[in-house]
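Below you'll find the structure, written out as structure tokens, and then a few comments.
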Amino acid sequence: MTPALAPKTVPVSIHPTAIVARGAEIGAGVKIGPWCSVGANVVIEDGTRLVSHVVVDGHTVIGADVVLFPFCTVGLEPQDLKYQGEPTRCEIGARTQIREHCTIHRGTVTGRGITHVGADCLIMAVAHVAHDCQVGDHVIIANNAVMGGHVSIADHAVIGGAAAIHQFVRIGRAAMIGGVSGVEADVIPFGSVIGNRARLAGLNVIGLKRRGFDKTQIGRLHTAFRALFRHEGVFKQRLEEMRVQYGEDPLIAEVLAFIDAPSHRGLIRAE
């Protein structure tokens with residue numbers, strides 16, 4: 001009987017100019033390129049690549065098969081004057097790409113204590129993810145987009161280039177933020193906002209189609225959107241009418257639940 005072969009461990013590659021502090025945990029097949037710096041409390045999981053000139057510090061976990069491009073920094077101290085060096089955290093999900101000059105800061109004890117970026121995200125060059133932000137899976141953040149602390153962005157949202165998101169704002173699932181938009185309040189799931197200051201322009205129909213929603217589902221969302229945001233009358237009354245008429249539809253129920261959830265900034269509405 002032939003004995004089972006032990007799995008081969010993919011070797012780690014660390015460039016001679018890179019500095020990896022004692023205590024850092026480096027997974028199989030990780031590649032750390034020239035002039036990178038990795039702190040003592042960092043965990044880098046299997047297959048991740050630091051291209052060059054990357055800094056990862058703090059109590060930070062970088063998931064498997066992530067790519068960190070030159071001059072990005074992950075897990076550094078938050079830009080918060082109340083921060084006193086507490087061991088707060090930062091997490092990056094598997095297969096996410098973080099492009100050149102991005103900054104992602106760790107959390108604060110006055111917030112959630114952790115900054116989290118989900119799996120399969122693309123964060124383009126010079127974007128900033130502030131302390132205590134929570135970014136879901138499959139999120140795209142375009143070049144030069146910035147956000148204040150405590151922002152929450154749900155799965156499959158798209159943030160356009162040079163958009164600015166106020167602290168504590170919530171961005172719903174599969175929402176679209178237009179380029180150069182100033183977002184001061186919450187954006188409903190599947191909504192599309194644009195402008196300075198941003199207004200609710202409609203639904204993110206392209207995003208819905210890409211997510212596999214059919215014409216019937218999108219049509220029901222359109223009907224509910226018009227009833228809630230385009231009709232005259234008291235918003236609260238329209239909201240209650242919408243619960244009665246459309247509340248059993250799962251997508252509309254998601255929008256209603258988002259509106260009902262606690263909010264620091266209120267809700268962006270259509271003009």
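Residue count for the range 204-216 under the criterion of being buried (at least 17 other Cβ atoms within 10 Å of the Cβ) and either part of a helix (DSSP H, G or I) or aliphatic (A, V, I, L, M) (or both): the result is 2.
Examine the range 15-28 for a residue that is at pLDDT below 95, among the basic types (Lys, Arg) and assigned to a loop (DSSP other than H, G, I, E, B), and state whether such a residue exists. The answer is no, given that none of the residues of the range 15-28 is at pLDDT below 95, among the basic types (Lys, Arg) and assigned to a loop (DSSP other than H, G, I, E, B).
Going through the range 96-126 one residue at a time, which ones are part of a loop (DSSP other than H, G, I, E, B), of a type in the set (A, V, I, L, M) and either more than 11 Å from the chain's Cα centre (by Cα) or not assigned by TED's automatic domain parsing to the domain that holds residue 48 (or both)? Write out each step before concluding.
Here is the first cut: in the range 96-126, the residues part of a loop (DSSP other than H, G, I, E, B) are 96, 99-102, 106-113, 118-121, 124-126.
Now restrict to residues that are of a type in the set (A, V, I, L, M): 109, 119, 124-126.
Of everything in the range 96-126, those that are part of a loop (DSSP other than H, G, I, E, B), of a type in the set (A, V, I, L, M) and either more than 11 Å from the chain's Cα centre (by Cα) or not assigned by TED's automatic domain parsing to the domain that holds residue 48 (or both) turn out to be 109, 124, 125, 126.
All of 197, 173 fail the test of being surrounded by fewer than 24 Cβ atoms within 10 Å (Cβ to Cβ) and touching a Phe, Trp or Tyr at 6+ places or on another chain (Cβ under 9 Å), apart from 173. Can you confirm whether residue 43 is in contact with a strand residue (DSSP E or B) (Cβ under 9 Å, 6 or more places away or on another chain) and closer than 20 Å to residue 132 by Cα? Considered against the rule, which asks whether it is in contact with a strand residue (DSSP E or B) (Cβ under 9 Å, 6 or more places away or on another chain) and closer than 20 Å to residue 132 by Cα, residue 43 comes out as yes.
The sole residue among 222, 166 that is at pLDDT below 95 and either out of contact with any strand residue (DSSP E or B) (no Cβ under 6 Å at 6 or more places or on another chain) or outside the structural domain of residue 137 (by TED's automatic domain parsing) (or both) is 222.
Applying the selection to the range 224-271, what residues are part of a helix (DSSP H, G or I) and touching a residue at least 40 places away in the same chain (Cβ under 8 Å)?
Start the filter on the range 224-271 by keeping residues that are part of a helix (DSSP H, G or I), which leaves 224-230, 235-246, 250-260.
The answer is 229, 230, 251, 254, 255, 258, 259.
When 265, 269 are checked against the criterion of being of a type outside the set (Ser, Thr, Tyr), modelled with pLDDT under 90 and either in contact with a Phe, Trp or Tyr (Cβ under 9 Å, 6 or more places away or on another chain) or over 20 Å from residue 200 (Cα atoms) (or both), a single residue qualifies: 269. Scanning the range 111-143 for residues that are in contact with a Ser or Thr (Cβ under 8 Å, 6 or more places away or on another chain) and under 15 Å from residue 67 (Cα atoms) yields 117, 118, 119, 120, 121, 122, 123. Hey, any hits in the range 229-238 for a residue that's out of contact with any Phe, Trp or Tyr (no Cβ under 8 Å at 6 or more places or on another chain), under 17 Å from residue 174 (Cβ atoms) and surrounded by fewer than 15 Cβ atoms within 10 Å (Cβ to Cβ)? No: the range 229-238 contains no residue that is out of contact with any Phe, Trp or Tyr (no Cβ under 8 Å at 6 or more places or on another chain), under 17 Å from residue 174 (Cβ atoms) and surrounded by fewer than 15 Cβ atoms within 10 Å (Cβ to Cβ). Note on the range 11-37: among residues that are out of contact with any strand residue (DSSP E or B) (no Cβ under 7 Å at 6 or more places or on another chain) and in contact (Cβ under 8 Å) with a residue 12 or more places away in the chain, the one that is farthest from residue 63 (Cα to Cα) is 17.
The set of residues from the range 147-160 being closer than 17 Å to residue 106 by Cβ and β-branched (Val, Ile, Thr) comprises just one member, 151. Picking from residues in the range 127-168 that are part of a loop (DSSP other than H, G, I, E, B) and touching a helix residue (DSSP H, G or I) at 6+ places or on another chain (Cβ under 9 Å), the one that is surrounded by the most Cβ atoms within 10 Å (Cβ to Cβ) is 157.
The values are calculated or read from the model by the stated rules, or taken from the named source; none is laboratory data. The structure presented is a predicted model; accordingly, all values stated were derived computationally and were not measured. Glycine also receives a Cβ, built like all others from the backbone with ideal geometry; neighbour counts cover every protein chain displayed.
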